[in-house]
Structure formats: C-alpha cells, structure tokens
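Reading through the structure tokens given below for one structure.
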C-alpha cells in the first residue's frame, strides 16, 4: 500500500475482465494508480478509464506494483511465471483471473521470489464478447469472486486481494485451488461441454433426417446458448482441468442413463424423482 | 366454413396455448364464432377475449363446429378420441396442439366418423407459465407451426387448418407424425432431459463436495433453465415419444463420449472440430 492510501496496481491484459476490474477499482478509489501492461499501446483502455497509464515492459510494472493482476488466458498466465515472477519485489502480491486455478497457483508458487505472495482469483463474471470496449465497472458487481491462496501466501496478502475483490463488488469465496477446479468443472465447464455436445448432436440428426434445427425453439436455444463461446477461451480451461471435467462428465452420464432407463421402463416415479431433483437444484441456485 | 365467411371453431382446453390461438383468430377475423369447451365455466377466457362463449358439454360443441382444436395434455387428447370423436359431424375437421403427434393422430384416426378429417398440429410456442391469464394473440406470431395430417385427412381439411395456423402467425411445416416426433425428440425433448440431468448432476456434486451450485453463473443458468418446467407437461410427452427420445439420448451420448475422449487425449484438433460443429448448429438455428 502506498503512502497515498491506495494500491499500486498492475493489470496484465486489459480486456473485458481486466478492464472491468480496473474501472471498478478506480471508481472505488482503492488504487493510487493503475498501470496496464500490454504488448501494444493501451490508449483505448486509458481513454475508457480502465487504467491510468500503461507500459509495454512487464518487468517494469511488476517491479513497481503492490498488486499485480494477471488477466491473460490460463496457459499464458502459467507461462508468464517462469519468465516474469523474478521481477516482483518483496511484499508484492500477485493474483489472477483465470478460470482454472490449480495449475496456475502451482506454476506461480514455484517461481515466486521470497516475500511475494500468490493469491489465485476467479471473478465469475463475463460476457459473450471480449475486449476492453465491452468492459464496465458494473460487470463484477454481485459476482462470486473466488480466492485460492497459494500455500506460501501470507494472511495479509489474502486480505489485500479480498479488499480489492470486495471493492469491485465481488462476493468472496475462499477455497483451495483443487476445490475451485472441482466445483467449476460441474458448475461451468460441464454446461459448456453439454451445450457443445447437444448442438453437435442436433446437427448430426439434422444432417441425417433433416428439419431438426428448423424446429428448435426457446428450450433448445437456452440450453445450447453457451455453445456459441469461442474455442480459444475454452481450450486452456479443458487442458488445465481435464481430470475434474471428465469426472463431471461421468456424473452427468449417470444422471442421463438413469433418465433413459426410466423412459424405457415407463417408470413415472423415477422420472418424477429426476424432475424433483432438478427443481431442487434450480431453487438452490444463488440469486 | 359458415355462410358468414368464417369458421365455427371449438377450442377444447382454453389455457395458454388454446387461449392465445383463440385471441389470434378473433383478431384475424377468421372465425364466425369461437366456443370454448371446459368442465368449469370459462368466464375468464370470455372476458379476456380468447373465446366468444363456452359450453361444458363437449358433444354439443363438437356437433356444431367446423374446426375443433384439442388443447389438453397429450394423453388426455388421446383418451378423448374414443369417447368424443363420434359426435363430430361430416365435413368437420379436428386438429390439436399436442407436443407429440404419432399416438394422437393414430388414436383419433381410429375413431373418426366418415367424412371427418384429423390434421395434427403443433404450434411451437409457449411460456414457463400456464393459464389463459398469460395468453396473448402475439405469442404464436412467427412460431413454427407443424401440421401432421392423418392418412384419411382430405386436402381441403389440411388447407383449412393451414389457413388458421397462418392466420395465427405461424410458419407452416407439413410432415408426417413420425417425422415430427423424431425431430422434436432432438430439438425439444432432448434439451429438456439434458437440462434435467445436468441440474440433477450438479445437485449430486453439491451434496458430495459442496459449493457447486453457489458457483453456478450465467452458463449453468442458461443451460438448465428449462429444467424448471413442471413435470405434468412432460410426463405425457415422454410416455408417447419414448423410442425417439431414447434414440436422441444415444446421439447425445456419442457426442459427449467423443468430447470426453478428446479431453483424455488432449486432442486439440478433435475439440476444435466439436466446437466448429456446435458453432455451425448455432448458425443454422432459425431466426
């Protein structure tokens, strides 16, 4: 924390997520200065109020910052550890916004200099569109904001990231990186795969018997909406959480097999139980 | 068609679907009179403009109508055939709005008096809420409206139902009852089962490791939204289209198994192909 009573924050990757967090932190007054890091000039991000200024040399910003926020895709964040962790200064804290946590936290903890803490972060907000031009300080408001402190992270470091996450409007959940990855495998990665598989299955059926997609109405649209997500966001997630995702697929397959058997047996009681369970899940959804 | 240039229409079951069609037909001026059939008085439906008047004796309305529209749940429509088809007069046409068609068309064709046509119908519109109080003449506008003529239906009868379906704003698709059932098994019934299974799987995971539903964000909500549908709507659908639905589940399972194997092998090319297929399906969606 600087003498002016705010953090010196470096945001590495000022897109939809990093940009929205920067805007929220500037509005909340928790930063003395926010510096963006980009390979190319970030004039648009400055103009939009996501950052105060930018540098193109990551080492310069990392050596300066109290808090560095890594906002690249997951595999890029992992790669950054070996080359750049060395530039962090004692007392600094690093966090990130990656959608999987175990591999990221492990990579960064392996390369941290003494006196630097890594506190993994995953703010669960987003949009179907990317880029700082779609960022808004309101996007993080009310989102679940998961913190997954590394084993070497100090309590003070965790508190600092908690303060920032709350300042952005996040509802804090602290858990281990593994717990996070197991939970989002079901809550986020599985729905993506299901939507992708269902869209593909419908296209297969459409190829074979025709007229299937023409009859797709609201139910199909809702259920497959996330299948429109671009692959580049998801490749890194799949590759860094494959074990948990495969477990999640197994749980779903059991659930689907049960339903299929119930249909085969015309077992109304079993179908009713499946609907009851689904309704209970929907009631338990937050918000 | 009466001498006044409009159909005498009987709507048996004036809820969300029947009520909306009634409102749309009155607005379009295609009915000389619309009579609702209900076990209880339908004053609310009259007040809302869904029907002109009502009767509580189905036989009376069926003997009077040019066109009878069956709007009960699927199994009820099937049961009505044996008891009530006899009251239809020569030249009359019967249609329905059930979500599956093969069993309905078969049951009614088996009981039709001479000179009466059955033209199955499935207007693909709806809401999460039931009841004539939620009906609107705008709901059918732009929906796919499937017609599945029975084998004994005359060309003139099909044309009459086509005129009504178009007057309500529907986009007409004519196909056999079996074709309809195979297509909606994938486009509508499978998404419902997937959403139900995914909700159940998430609740299972939540029971076991906790914190899963707390982290469910927009993707999970979209993908499972239809899991909130009440069972009573779906039981009849499942029981009258089980074979096609089970085939659809098999197609989805293959699609999901492929994805699971691709994750296991870290086969980026295969994952990319699955996303490409899903994106193609989304582009091919109507509207």
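The values are calculated or read from the model by the stated rules, or taken from the named source; none is laboratory data. Just so it is clear, the model here is predicted, and its values are computed rather than measured. Note that each Cβ is placed from the backbone with ideal geometry, even for glycine, and that neighbours are counted across all protein chains shown.
Details
- Residue match in the stretch A:122-139 (condition: farther than 20 Å from residue A:27 by Cβ, out of contact with any strand residue (DSSP E or B) (no Cβ under 8 Å at 6 or more places or on another chain) and within 14 Å of chain B (Cβ to nearest Cβ)): yes
- Per the listing B:45, B:50, the residue uniquely under 22 Å from the mean Cα position of the chain (by Cα) and assigned to a loop (DSSP other than H, G, I, E, B) is B:50.
- Checking each residue in the stretch A:133-185 for being within 19 Å of residue A:8 (Cβ to Cβ) and in contact with a helix residue (DSSP H, G or I) (Cβ under 6 Å, 6 or more places away or on another chain) picks out A:167, A:168.
- Only one of A:206, A:159, A:214 that is closer than 25 Å to residue B:192 by Cα and surrounded by fewer than 18 Cβ atoms within 10 Å (Cβ to Cβ): A:214
- Residues of the stretch A:218-237 that are at the interface with chain B (Cβ under 7 Å from one of its Cβ atoms), more than 20 Å from residue A:285 (Cβ to Cβ) and surrounded by fewer than 22 Cβ atoms within 10 Å (Cβ to Cβ): A:228, A:231, A:235.
- Scanning the stretch A:238-287 for residues that are more than 7 Å from every other protein chain (Cβ to nearest Cβ) and touching a strand residue (DSSP E or B) at 6+ places or on another chain (Cβ under 8 Å) returns no hits.
- Among residues of the stretch B:176-217, those that are within 7 Å of another protein chain (Cβ to nearest Cβ), touching a strand residue (DSSP E or B) at 6+ places or on another chain (Cβ under 8 Å), part of a loop (DSSP other than H, G, I, E, B) and at pLDDT 95 or above, counted: 1
- Residue tally, condition crowded, with 24+ Cβ neighbours inside 10 Å and assigned to a helix (DSSP H, G or I), over the stretch B:166-175: 0
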